[in-house]
Amino acid sequence: MKNLLSINTFALFWRVCSLYILGAFLVTTNSYADNQEPTIVVIAFPSTSENTISRSSLRAIFGMRLNKWPADTPVKVFVMKDDTPEHGAFSKNILQVFPHQLRLAWDRQVFSGQGQYPEQVVSLQEMLSKIASTPGAIGYIKTSEVTNNVRTLQIR
């Protein structure tokens, strides 16, 4: 009788654990699907002579340390708000830094008197408009939002 009770207790325990694991898996799967970061591309003013750009040059440009294109045109940097999914995806996937690290670099430049903040836009449409109409402009946008009014830069 004692063995039968032990077997039933173990079976019940196993079922509860299995349900718990299955539930945790389903919640995790749904949260990954809901939090997928958008695919981002780097865009520039349409007459920019560059077709490719190195990741280190991008980091320098968006870190506000490099302020001229190779053709000596001034760079104008546009970014989305820090808490947007596009900004997070750009920072982490393209620049390979966390958004707060980028913010710290900007703060350091501004507070030391050696630089300024990039211009912040509030929407993807504003980003497209600013990049398309500002010589030397660079920014980022979802791949699905790219138009012929901007140049897409390949990262090397």
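The values are calculated or read from the model by the stated rules, or taken from the named source; none is laboratory data. As the structure is a prediction and not an experimental result, all values here were calculated from the model. Using ideal geometry, Cβ is built from the backbone for each residue, glycine included, and neighbour counts are taken over all protein chains shown.
Of all the residues that make up segment 74-96, how many are assigned to a loop (DSSP other than H, G, I, E, B) and surrounded by fewer than 16 Cβ atoms within 10 Å (Cβ to Cβ)?
4
Out of all the residues in segment 102-112, which are surrounded by fewer than 13 Cβ atoms within 10 Å (Cβ to Cβ) and not charged (D, E, K, R)?
Matches in segment 102-112: F111, S112.
Listed here are the residues, each with its yes/no results for (1) at pLDDT 95 or above; (2) of a type outside the set (V, I, T).
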residue	(1), (2)
A105	no, yes
S112	no, yes
T134	yes, no
V146	no, no
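Residue check: is V146 within 18 Å of V42 (Cβ to Cβ), in the same structural domain as E50 (by TED's automatic domain parsing) and surrounded by 13 or more Cβ atoms within 10 Å (Cβ to Cβ)?
So V146 passes the test.
Counting only residues that are over 22 Å from D107 (Cβ atoms) and among the aromatic types (F, W, Y), which one in segment 44-73 is surrounded by the fewest Cβ atoms within 10 Å (Cβ to Cβ)?
It comes out as W69.
Residue by residue, here is whether (1) touching a residue at least 24 places away in the same chain (Cβ under 8 Å); (2) within 16 Å of the chain's Cα centre (by Cα); (3) assigned to a loop (DSSP other than H, G, I, E, B) holds:
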position	(1), (2), (3)
R108	no, no, no
Q120	yes, yes, no
E126	no, no, no
A132	yes, no, no
I141	yes, yes, no
